[in-house]
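Here's the structure, in structure tokens; my notes come after.
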Amino acid sequence: MNTKTIELLEYDKIKEILKSYALSDLAKDEIDNLEPSVDIDLIKKYMEETSEARAIVNITSSIPLHSLGGIKSVKQKIEKGMVLLPEDLEVISGLLKEVERLKRFMLDKEQVAPNISLYVLSISPLEDLREEIDRCVFRGRVDDKATSNLGKIRKRIGILEDRIKSKLESVLKNEKYKNYIQDTLVSQRGGRYVIPVKSEYKKSIDGSIHDKSSSGSTVFIEPAEVKKAQDELNLCRIEEEKEVYKVLATLTNMVESYKRELNINIETMCYYDFIFAKGKYSKSIEGSKVKINNKNYINIKKGRHPLIGKDAVPLDFTIGDSYKGLVITGPNTGGKTVALKTVGLLTMMAQSGLHVPVEEGSEFSIFANVLVDIGDGQSIEQNLSTFSSHIKNIISILECADPYTLVIMDELGSGTDPGEGMGIAVAVLEELYRKGSVILATTHYSEIKDFAKEHEGFINGCMEFDINTLKPLYRLKIGKSGESNAFLISLRLGMNKSLIERAHKVTYKEEKTYLEYQYDEKIMSYNKEVENHNSQLEKIKEAKERIKVSEKQKNKSKFNIGDNVFISFMNRTGIICELENSKGEYTVLVMKKKIKINKKRLSIYVGKDELYPEDYDLDIVLNSKENRKKDKLMNKKHVEGMEIK
């Protein structure tokens, strides 16, 4: 199947969801390799298997399947002639137990699943092998009872270990060695029991040094009195290893003798896992078995896109009987693309033997390929425009199109000049029809409606739209072309009808009178938008007024002569004696000195209106007594050489 189709119709997403219902990696690999088939008998067989699995899943979800964890590694070891480890043998034993449970489970399901229940007849629980593994291997190690000799050897090992530990503990408790011992713990180094001795006393104890600590302060010594027992213990351990190897080798040979039966068990368990994953997925999407034909006929009853689920509006769709080409028109967001993807994806799923979310009685045809052009496909790296990418894809579709292909094209002819785009769309539809393909296309060009209406083998369709609620209904109606609802929608929303009539004349080159529509406030709060706009205008006016007031206040002096102000950086008060200069500085009388201070460092303490009586002569405060006398005299007459500083 075309890889671009798999990507655009999201077939891989269906497989990922299907894999989540499988237990084993082998079954998941099987799902990864799943693809639409063109063999009608094989498809019907797969579909029947899915139906029987679904029937069992409806009865119970507790199906005895093995995860086959570790089986792949075990098979590789057998192929290489390696001796299996105890954990490998336990994997085989676990598989054989599940095989036996599955065999009993499926034999009880003959009535609801007559075909897939027969598959268990080919598997074998291999009771003798399982019983021998369980007798010899327990909790990841070869059991003492595997052979009588192994039991004796391990008993001897236990006796020797106890004897050695007892002797070492007596050394540790001996007062003679009390100062030499670093710790009162017996440990092992290189498979031999040792005691920790302080490094400076290593020659004070007769024995062999086997290790020392990382700091060098402790050495681990095997006392001479336990050497003989240690040597005997090591010999016993070698004998134990040999005996264990014999048991494992015998069991491995036994497994190899059943290699064919085991492979059949693994393959059957994997296939059951795969089948029941399809059955569980069918239940999750409320899928149904469908009829399969090779007559290019599709009849979908209440179909839903599986990735949308119950929220999807059911799709009724038919093609391939009296017409082989369907052209869907209608506004955007009406569900045209979803309808296209639903038809394409359900077709691929049906050809894969999967149940699809449709009502009983639905029917799908077998196609050698599903060719799809959906989305703009724009590539920044290749610097392709939307139109160019569409055309490259359509050229590929035209090369592959034949009577065994389903062609799905969205927004045919879009992305270029409307006149030329419409011409290309018509030419492409004619060529695809000549090649015998089943065609499903969507378009915005009104001229394509006329083409579909007049051309043999084509029919119009549209996505229904509720003009009263201004909402798409997402329902496909075959046999009727989609109406352009732009003018009616605009009227419904309150646009002046004279504008709509002018737009109609420009578009269709003809006069038409439109009836007044009373817009519905429940649909669009038109008045509220106007009110919001007027409210915003009022806010702008208010803001302008505030700016004017603010500017007046800025132009007005902040302090008056005679005001008592607080000087922040001096932490004291002073009297304003000169108004603000161009630098924003006031002259302040403080501590009998006049200082220029920036207004940012001043704040009103007591205003002059509160400080002084009405018509108070501020010179009494601001000028010295001497200057006031000079001023009084100079107002009466000219005095040569007199000045006021």
Count of Lys pairs (Cα-Cα under 21 Å; at least 8 positions apart or interchain) in the range 564-636: 22
Length-normalised contact order for the range 564-636 - Cα pairs under 8 Å, 6+ apart - percent: 25 percent
Relative contact order (percent, whole number), the chain, Cα cutoff 8 Å, 6+ residue spacing: 12 percent
Nearest 10 degrees, 0 to 90: helix 71-80 Cα axis against the chain principal axis: 50 degrees
Charge sum, other residues only, whose C-beta stays under 10 Å from M254's C-beta, Lys/Arg counted +1 and Asp/Glu -1: -3
Computed [θ] at 222 nm, helices only, for the chain once each DSSP H run of length n ≥ 4 contributes -39500 (n - 2.57): -15000 deg cm²/dmol
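For the range 124-235, what class follows from the C-alpha gyration tensor (a ≥ b ≥ c being the square roots of its eigenvalues): rounded when a/c is under 1.5, otherwise prolate if a/b is larger than b/c, else oblate?
On the way: a/c = 3.81, a/b = 2.71, b/c = 1.41.
Judged from the Cα gyration tensor, the range 124-235 comes out prolate (a/c at least 1.5, a/b above b/c).
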Per-residue Cβ neighbour rank within 10 angstrom, fewest leading, L340, L248, L42, L371: L42, L248, L340, L371
Degrees between helix 86-107 axis and first principal axis of the chain (Cα, 0 to 90, nearest 10): 90 degrees
Exposure proxy ranking, count of Cβ atoms within 10 Å, fewest first, for I209, I43, I328: I209, I43, I328
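Using the 10 angstrom Cβ neighbour count as an exposure proxy, how do T60, T218 rank, fewest first? Provide the component values of the computation, followed by the final result.
Details: T60 9, T218 18.
Listed from fewest to most nearby Cβ atoms, that is T60, T218.
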Unit charges at the beta carbon, dipole of the chain: most positive-side option, S213, T268, A350: S213
Structure-derived Cα Rg over 2.2 N^0.38 Å - corresponding label in (1) 1.37; (2) 1.86; (3) 1.08: (2)
Listed residues I448, I366, A229: farthest to the positive end of the dipole of the chain (Cβ charges): A229
Between the range 385-404 and the range 117-176, the alpha-carbon center distance in angstrom: 70 Å
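Express as a percent, rounded to the nearest 5, the fraction of DSSP beta bridges in the chain (both residues included) that run antiparallel.
Looking only at bridges with both residues in the chain, the antiparallel portion is about 65 percent.
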Net +/- balance of residues flanking N598 in space, Cβ distance below 9 Å, scoring K and R +1, D and E -1: +4
Relative packing of peptides 620-627, 161-168, 68-75 - highest average C-beta neighbours within 10 Å first: 68-75, 161-168, 620-627
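How large is the charge dipole for the chain, taken about the Cα centre, if only the Cβ atoms of Lys, Arg (+1) and Asp, Glu (-1) carry charge, to the nearest 20 debye? It would help to have the intermediate numbers written out before the result.
On the way: 102 positive and 100 negative charges, 813 e Å.
Using only the charged Cβ atoms, the result is roughly 3900 debye.
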Three-way shape call for the range 564-636 based on the alpha-carbon gyration tensor, with the a/c threshold at 1.5: prolate
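Every number in this text was worked out from the coordinates using simple rules, so none of it is lab data. What you see is a predicted model, and the numbers here were worked out from it, not measured in a lab. Because the Cβ atoms are built from the backbone with ideal geometry, glycine has one as well, and the counts that use them run over all protein chains shown.
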